[in-house]
There are 2 protein chains.
Amino acid sequence: MSDQTGGGSHRAAPMHTDPEDVPLLTALSALADPVRIQLVRELAASDDWTRNCGSFDVPVGKAALSHHFTVLRGAGLVEQRDRGPRRVNRLRREEFDARFPGLLALLLRADDGREEPGP
Amino acid sequence: MSDQTGGGSHRAAPMHTDPEDVPLLTALSALADPVRIQLVRELAASDDWTRNCGSFDVPVGKAALSHHFTVLRGAGLVEQRDRGPRRVNRLRREEFDARFPGLLALLLRADDGREEPGP
């Protein structure tokens, strides 16, 4: 297989799922996780393509983080590109919102003080 | 402890969580399950208090079903009452919708043909 990233990365380009093709259960399962909620919230507060995977404030190791991003890509929530040694991200806000209207808005609204369950 | 159900049931009355007190993660986790999605959809299509727990078309045993209803009560989605030997249900549609606007609507909209992942 040829490397199609074009950025000199040794990794294969990340696979994506179009939000239009995402089943509801896949979307809900992707968002029903405190680490992924935090990743989506931080991405929403950042400009597109400005955040590389190591820049998020989440308490997980590299392998777990990679898994979380795979889940987010598979749910149509995140798009990734390799730029040299870095993999940068954007939230697929408009496309995901078109597929599941209001779901991201629930996730991104101001914290209303209810205590989340512990890990 | 006295039995407060008043219905002659041998069981303790079910515990409920007010939707206003439910964290987002709890709501998403409750709905990110194919059996619970089915239970909520069937309840939404039925009049309040007309469905007892054994009346749903889901492929799980009694213990698993009881667990699913416990999760739904804990997420503020379902209210249950004991009526004699039967435990009957209603979807807390208005209260849940006030807490998480649009979330139930996503769950209840017509199936759009995208394939859900297998169990």
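Remark: pairs (first residue in the range B:1-26, away from chain A (no Cβ under 14 Å) and within 19 Å of B:HIS67 (Cα to Cα); second residue part of a helix (DSSP H, G or I) and at pLDDT 50 or above; Cβ separation under 9 Å; 6+ apart in sequence or on different chains) = B:PRO14/B:PHE69; B:PRO14/B:THR70; B:PRO14/B:ARG73; B:MET15/B:THR70; B:MET15/B:ARG73; B:MET15/B:GLY74; B:HIS16/B:ARG73; B:HIS16/B:GLY74. When the test is whether a residue is away from chain A (no Cβ under 14 Å) and out of contact with any Ser or Thr (no Cβ under 7 Å at 6 or more places or on another chain), B:LEU43 passes it. Do you know which residues across the range A:15-28 are within 12 Å of the chain's Cα centre (by Cα) and aliphatic (A, V, I, L, M)? A:ALA27 - this is the single residue of the range A:15-28 that is within 12 Å of the chain's Cα centre (by Cα) and aliphatic (A, V, I, L, M).
Could you list all residues from the range A:33-76 that are in a loop (DSSP other than H, G, I, E, B) and closer than 20 Å to A:ALA13 by Cβ? Passing the criteria: A:ASP48, A:TRP49, A:THR50, A:ALA75, A:GLY76.
Within the range A:2-19, being at pLDDT below 50 and polar (S, T, N, Q) holds for A:SER2, A:GLN4, A:THR5, A:SER9. Can we say B:LEU31 is under 21 Å from A:ASP33 (Cα atoms), touching a residue at least 60 places away in the same chain (Cβ under 8 Å) and within 10 Å of the chain's Cα centre (by Cα)? Yes, satisfied. Which residues, counting only those in the range B:82-101, are closer than 21 Å to B:THR17 by Cβ and assigned to a loop (DSSP other than H, G, I, E, B)? Within the range B:82-101, B:ARG92, B:PHE100, B:PRO101 meet the criteria. Summed over the range B:50-109, residues that are of a type in the set (Lys, Arg) and within 10 Å of the chain's Cα centre (by Cα) total 3.
Quick check on B:ASP18: is it closer than 24 Å to B:ALA110 by Cα and touching a helix residue (DSSP H, G or I) at 6+ places or on another chain (Cβ under 9 Å)? Here the answer is no, as B:ASP18 does not meet what is asked. All conditions in (1) facing chain A (nearest Cβ under 9 Å); (2) among the acidic types (Asp, Glu); (3) outside any helix (DSSP H, G or I) hold for B:GLU79, with the sole exception of (1). For beta carbons closer than 7 Å, sequence separation of 6+ or different chains, a first residue in the range B:90-115 that is at negative phi and surrounded by fewer than 11 Cβ atoms within 10 Å (Cβ to Cβ) and a second that is modelled with pLDDT of 95 or more and outside any helix (DSSP H, G or I), the qualifying pairs are B:GLU115/A:PRO23.
The values are calculated or read from the model by the stated rules, or taken from the named source; none is laboratory data. Not measured: the values here are computed from a predicted model. Counting neighbours? That spans all protein chains shown, and the Cβs are built from the backbone with ideal geometry, glycine included.
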